[in-house]
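Have a look at the structure below, then the notes.
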Amino acid sequence: MKIILAAPRGFCAGVNMAIESLDLAIKAFGTPIYVFHEIVHNKFVVETFREKGAVFVDHLSEVPEGSHLLFSAHGVSPEIRRYAKERRLVAIDATCPLVTKVHLEAIRYAREKYTIILIGHDGHDEVVGTMGEAPEAIVLVESVEQAQKIEFPAGTKLAYLTQTTLSVDDANRIIRVLKERFPQLEGPPKDDICYATQNRQEAVSVLAPEADLVLVLGSQNSSNSQRLRELAAEKGVDAHLIDGAGDIDDGWFAGKNAVLITAGASAPESVVQGCVDHLKVRFNATVEIRSIREEEVHFPLPRPLRELGASPK
Ligand code: 0CM
Ligand code: SF4
């Protein structure tokens, strides 16, 4: 059996920055250190940080006054920032700059009196944060069906924005319907779906047709990882989204000759290698690395950590 190992895969610049931020914050400020929501949507990453003393919370009321608090890569609403201030928390913002860009677009459109159609998934941390920037101006559209039905009063100034981790194809289908129905619709100057989401999807699009099974490493609550599994399935290939080798069912590989392995933007390379090793041992698999694009994106650390420098206390 052959393993086709897709590149790019796994950690993106935003996830690298968020993970490094939490690591540095633990070293600099000690534990417990609090994180609003999962730092990234990955079980192994979250568990590893829990063992190091990070405490993940969904409500700021759980955080003792005066504590250090990280905001996750997915961003937060201004209400959360305000509440953190009120509770005298020392906030460190590990929001990915590409999520912040969408927040800023939302603020700009709302200020210019647009109604904003946010294309995204209801309840996702990023969507909750972005909608919080202008709750009275933003409506959420999740599907083509909703895009076909939504109505606005005549003459409404309309703009759309998207979650950063959507399926490029699904988003384009929704945008097409919206543009047909509302010719005045304006969009962001550049796509909101981030480079990492696009590149990982492109690699699956190109490589899945060469495989007869696809394994996507990532957690179930990771939007970009889910989209990779769906894309492979849309290409007609059996696909599984798994956290690690422990989730593999050896029965999946009966009669399969080529397995494509990729990983969502929040999945560590160690879980990829765990799967590769498992398939080498069980099926004598060989590995072929296939890179369809180079990535050289890096994001700076949040200011308070940057100022601490590379050698925190
Ligand atoms: O947004 P998504 O659910 O894909 O998040 P993730 O933590 O799996 O991936 C990285 C990010 C962001 C923002
Ligand atoms: Fe940023 Fe994209 Fe990574 Fe999310 S997936 S953290 S938006 S680079």
Enumerate the pairs (first residue in the stretch 1-29 and among the aromatic types (Phe, Trp, Tyr); second residue anywhere and in a helix (DSSP H, G or I) and surrounded by fewer than 22 Cβ atoms within 10 Å (Cβ to Cβ)) with beta-carbon separation below 8 Å, excluding pairs fewer than 6 apart on the same chain, so at least 6 apart or on different chains. PHE11/ILE19; PHE11/GLU269
Residues within the stretch 44-77 that are more than 16 Å from ligand 1 (Cβ to nearest atom), part of a loop (DSSP other than H, G, I, E, B) and either within 25 Å of ALA267 (Cβ to Cβ) or over 22 Å from the mean Cα position of the chain (by Cα) (or both), tallied: 6
How about the stretch 196-247: which of its residues are among the hydroxyl-bearing types (Ser, Thr, Tyr) and either within 12 Å of ligand 1 (Cβ to nearest atom) or touching a Cys at 6+ places or on another chain (Cβ under 6 Å) (or both)? THR197, SER219, SER222, SER223, SER225
Residues within the stretch 274-302 that are assigned to a strand (DSSP E or B) and within 16 Å of ligand 2 (Cβ to nearest atom), tallied: 0
Selection over the stretch 252-273 where residues are part of a helix (DSSP H, G or I) and under 16 Å from LYS2 (Cα atoms) yields a count of 4
Go through the residues of the stretch 73-83 one by one and say whether even a single one is touching a Ser or Thr at 6+ places or on another chain (Cβ under 6 Å), over 22 Å from GLY10 (Cα atoms), small (Gly, Ala, Ser) and not assigned by TED's automatic domain parsing to the domain that holds ASN221. no
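Let's see how each residue does on (1) assigned to a helix (DSSP H, G or I); (2) over 15 Å from the mean Cα position of the chain (by Cα):
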site	(1), (2)
THR95	no, no
VAL99	yes, no
LEU104	yes, yes
ALA154	no, yes
LEU161	no, yes
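The values are calculated or read from the model by the stated rules, or taken from the named source; none is laboratory data. From a predicted model like this one, the values you see are computed outputs, not experimental measurements. A quick note on method: Cβ atoms are made from the backbone with ideal geometry, for glycine too, and the neighbour counts reach across all protein chains shown.
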